[in-house]
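Participant: Quick one: the structure is below, questions incoming.
Here, each number is a calculation from the coordinates, and none is a lab measurement. This one's a predicted model, so the numbers in the text were calculated from it and none came from an experiment. Note that each Cβ is placed from the backbone with ideal geometry, even for glycine, and that neighbours are counted across all protein chains shown.
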Amino acid sequence: MAYTTKKVPTTPFDGQKPGTSGLRKAVKVFQQPNYTENFVQSILNVLGDKLAGSTLVVGGDGRFFGKDAVKIIINMCAANRVGKLFVGQNGILSTPAASCLIRKHQTAGGIILTASHNPGGPDADFGIKFNTSNGGPAPDAVTNQIYSLTTKISEYLITDSPVAVDLSKIGSNTFTVDGGQQFTVEVIDSVSDYLLLMKDIFDFESIKKLLSGSSGKPFKLLLNAMHGVTGPYVKRIFVEELGAGDDCCVNTTPLEDFGGHHPDPNLTYAADLVKAMAQGNHQLGAAFDGDGDRNMILGVKAFFVTPSDSLAVLAANLECIPYFKKTGVRGYARSMPTAAAVDRVAKETGKEFFEVPTGWKYFGNLMDAGRLSLCGEESFGTGSDHIREKDGVWAVLAWLSVLAHTGLGVEQLLKQHWARFGRNFFTRYDYEGCESDPCNKMMAELEAKAIEPSFVGTPLTAASSGKVYTVAKGDNFEYTDPIDNSVAKGQGIRVLFSDGSRVIYRLSGTGSAGATVRLYIDSYESDSSKHSLDAEEMLGPLVEIALQLSRLEHFTGRSKPTVIT
Ligand code: G16
């Protein structure tokens, strides 16, 4: 089949600025004529002279509007002289699988269609994210460039008629554009390459043995794919390859609206998993988000592993994973609001440690420079330098490897870890869907307080308990990338106390409208007699202080958070 290119005149749309991870808006915003096309053209233009003849990866989490967007991207790539696209079958690719493919085929990058954990459907959210040739989310410099192009765009290129590709059929399709240029769309199995990578990283035999109970202990696994993209991955890897049995996974059919739920693996939105695990019949439970990069880990009777602890426990046990035996373990990192549990593992094991702003993109340079092996975030993200995205399925395989190696249960493992390193109690309060203006005022007022020199040394008292915390430092977090010296300013207000506890305030960068306030509380306890105490109780006084200090109720009108994790 042959196509010709047409130039379509267009005008810029306001607000096409990518947030923490890509452009996320309501589906209806993306469906406006030219809206998606403008953003895609700006992504393609950012590739400059690398665009002609390039190869890109395209796919997404299967949410509503995803297939339409894949078709638009195919037609625009053909017209923009891209040489080849790898497209997941039916437009499906988990975010980790897309990162894996970009790296494996050494493509110029990839376009990932997801709004991650945000709900899907005609009245919910959609998102487009550009990943660069290292497989990771585009860094700020690139997303700023894309945004700048969206503010000036005057035309986009697209084929005169839709490129005839059947996305349900695996295979290679080549077309001629403008009488000469060859354009290939290779529709690939969404899981195969990712599965090969996992088999290369982990000892599948030892995980199989654990899951079969042949090591002497019965082991049952429960995975909840939340009707997101991980369903096919979970079935192929855990059921077909590792023999875990069909009943090890639920909600494995990807749905365009995720069954009407938030595909967000936390205690609130993955309440089904918590309920099922509470029965006590499974040794490990996990849930994943819409695009498969987040994970939540639970032990028997729904014993909750905070993402900060999950990172620290894996850091302390990496030697049982063949990949790290091969590569060695370089440094560890976490995002700034993530509880500081992994810091102590880094210190004890003499590894380099980095604290970066919220956003997986900030880990990329460190990994590319060979200084970072394992990292994670409080927002249920864990991953390593095997790819440049966080990776939900990888995290479960890593946990199973550690359980197989140590012979311990999840709770036992955590308790041993705390006894050795101490425990970080952590909680995050989210106030979703607030009005933006008052939240911006609250952040400005907080920043003014935090950077005032006299703030240091101020005793802050929780009225209900009389517990006093003394301010050691206040600032708005700023990060200088040690590899390219780029600076990210204004990454969250921090109030650090003299006992090592921290209170952090940020506005989310992944919402599609209004503002979401995130309040993070982290406190360290070395006394093992207190490690089993209730986290909410332990953190109560700090929460009270954080709310007083920010006058959050005054600014947002909210007396309670929407979600506590
Ligand atoms: C994205 C980023 C993460 C970040 C999370 C929450 O995750 O990749 O690095 O921690 O958003 O960001 P925010 O607090 O700004 O909402 P995902 O899973 O949504 O792609």
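Participant: From the Cα gyration tensor of region 1-160, with a ≥ b ≥ c the square roots of its eigenvalues, which class applies: rounded if a/c is under 1.5, or else prolate if a/b is larger than b/c, or else oblate?
Facilitator: rounded
Participant: Pairs of alpha-carbon atoms within less than 8 angstrom and 6+ residues apart define the contacts here; what relative contact order does region 390-548 have, in percent?
Facilitator: 28
Participant: Amide H to amide H, which residues 5 or more places from VAL356 or on other chains are under 5 Å from it, using H placed in the peptide plane?
Facilitator: For VAL356, the qualifying residues are ARG334, SER335, MET336.
Participant: A further question on this structure: Under a point spin-label approximation (7 Å from Cα along Cα-to-Cβ), what is the SER498-LYS326 distance to one decimal in nm?
Facilitator: Label-label distance for SER498 and LYS326, simple model: 5.1 nm.
Participant: With contacts defined as alpha carbon pairs under 8 Å and 6 or more residues apart, what's the relative contact order of the chain in percent? Walk me through the numbers before you get to the answer.
Facilitator: Working: 1299 pairs, mean separation 75.7, N = 565.
For the chain, the relative contact order is 13 percent.
Participant: With a 10 Å Cβ neighbour count serving as the proxy for reagent exposure, in which order, fewest first, do MET296, MET336, MET76, MET538 appear?
Facilitator: Going from sparsest to densest Cβ surroundings: MET538, MET336, MET76, MET296.
Participant: Can you give me the distance in nm between label points at ILE483 and SER154, each placed 7 Å from the Cα along the Cα-to-Cβ direction?
Facilitator: Placing both labels 7 Å along Cα→Cβ, they lie 3.7 nm apart.
Participant: In nm, to one decimal, how far is the ALA448 label point from the ARG420 one, both placed 7 Å along Cα→Cβ?
Facilitator: Result for the modelled spin labels: 4.9 nm.
Participant: Starting from 0.36 nm per residue, how many nanometres of slack lie between SER528 and THR10 once their C-alpha separation is accounted for?
Facilitator: Contour length minus the Cα-Cα distance gives 180.2 nm.
Participant: Taking just the C-alpha trace of region 418-565, give me its Rg and Dmax in Å.
Facilitator: Here Rg and the maximum Cα pair distance are 15.9, 47 Å.
Participant: Is the chain rounded, prolate or oblate when judged by the Cα gyration tensor, a ≥ b ≥ c being the square roots of its eigenvalues, rounded requiring a/c under 1.5 and prolate requiring a/b larger than b/c? Working shown, then result.
Facilitator: Numbers: a/c = 1.86, a/b = 1.29, b/c = 1.44.
Since a/c reaches 1.5 but b/c is at least a/b, the shape of the chain is classed as oblate.
Participant: Test of understanding: extend the Cα→C-beta vector of ASP189 to 7 Å, then name every residue of region 228-244 with backbone N under 18 Å from that spot.
Facilitator: 230-244
Participant: Among PHE304, ALA108, PRO357, which residue has its Cα positioned farthest towards the positive end of the charge dipole of the chain, with +1 placed on the Cβ of Lys and Arg, -1 on the Cβ of Asp and Glu, and the dipole taken about the Cα centre?
Facilitator: It is ALA108, whose Cα lies furthest towards the positive end.
Participant: Sort region 73-164 into rounded, prolate or oblate with this rule: let a ≥ b ≥ c be the square roots of the eigenvalues of the Cα gyration tensor; rounded if a/c is under 1.5, and if a/c is not under 1.5, prolate when a/b is larger than b/c, oblate otherwise. Mind showing how you got there, number by number?
Facilitator: Values: a/c = 1.13, a/b = 1.09, b/c = 1.04.
Because its axes are fairly even, with a/c under 1.5, region 73-164 counts as rounded.
Participant: A further question follows. Quick one: if the Förster radius is 60 Å, what FRET efficiency do VAL456 and ALA2 give, using the C-beta to C-beta distance and rounding to 0.05? Intermediate results must be reported in sequence, preceding the final value.
Facilitator: On the way: r = 70 Å, r/R0 = 1.16.
The calculated FRET efficiency here is 0.30.
Participant: Further question: Taking the mean number of other Cβ atoms within 10 Å as a proxy for protection, how do you rank 478-488, 270-280 from highest to lowest?
Facilitator: Listed from highest to lowest mean packing, they are 270-280, 478-488.
Participant: For a paramagnetic label modelled at 7 Å from the Cα of LEU408 toward its Cβ, which residues of region 314-352 fall within the zone defined by backbone nitrogen distances under 14 Å?
Facilitator: 314-320, 345, by backbone N distance to the label point.
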